[in-house]
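This report refers to the structure that appears directly beneath it.
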Amino acid sequence: MIVQSLVDRFCMLFKLIHAVFEFIKTFIDSTNSGAEHDALFEPDSYYFTKGRRGIPIGNLTSQLFANIYLHQADMFAKQTLKIKHYVRYMDDILFFSNSKAQLHEWQHSMIEYLYEELYLIVNPHKVRLYPTSQGIPFVGYVIRPYFLLLRSNSVRRFKKRYNKQLHAMMNERLNLIDLRESFASWKAHASHASTNRLVAKLESLQQDYLFVRGIRRYYRKHRSTETIPPTQLSFFDKE
């Protein structure tokens, strides 16, 4: 019967979902470090009074767990605080408002909620209130009203690594294909921002290094193959 077939499919799906949940619970329990970190917390802290907190990190599931963990914070922001313009990616959260006092109030409420309900402590050095005209550092970019920029510290780190790669390539310690693949990966990331001049400058720098490497190769090749006969000078030679 069709009804029996549909019921059987539903039961199989339910068993599969149950098995997945059991696996997730087992995986989370396996990360319990026991009493290893007990000395880091005060006896009356939430670590002891409300149990362990945090998520397992170091694998792909940590991204999923982070969204599940902070889903309650999303609901608190939208349903309780009634924040109209609210954005979150993983653990980066943005509030928008024309009232500075309102932002301070939301900030205090959210920090308190995260601590009381999710046992999370917000780093005070990473909480900032400023006009959007200054640009918003978010997910690797600086977001401005009409364009994107790469974060300056991100550009500095890449330039430092890129220069090391260019020197390694010129000294035959790095394959040209590997260099270009690494640069193409960064270029794809940078292409979302206003980086045309920066990319053109770095590509030109790569061509300069390739030119110098070509000259070095040519010089080494001909220096090892050409034999220059020795020249002997005699004081007794007459013109």
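The values are calculated or read from the model by the stated rules, or taken from the named source; none is laboratory data. The structure displayed is predicted, hence computed values, not measured ones. Positions of Cβ are generated from backbone atoms using ideal geometry, with glycine treated the same way; all protein chains shown enter the neighbour counts. Heavy atoms of the whole protein, side chains included, go into the accessibility calculation; ligands, DNA and RNA do not. Shrake-Rupley method; radii C 1.70, N 1.55, O 1.52, S 1.80 Å.
Things worth noting here:
- Net +/- balance of residues flanking Ala188 in space, Cβ distance below 13 Å, scoring K and R +1, D and E -1: +1
- Within the assembled protein chains, the solvent-accessible surface assigned to Met169 is about 0 Å², based on a 1.4 Å probe.
- Separation of alpha-carbon centers, the range 127-147 and the range 167-196, rounded to whole Å: 27
- Probe 1.4 Å - accessible area at Met12, Å² to nearest ten: 130
- Net charge contributed by nearby residues that have their C-beta within less than 15 Å of Ser133 (K/R +1, D/E -1): +3
- Database remark: amide H of Val142 closer than 5 angstrom to the amide H of Leu149, Leu150, Arg151 (H placed geometrically; neighbours at sequence offset of 5 or more, or on other chains; Pro and chain starts carry no H).
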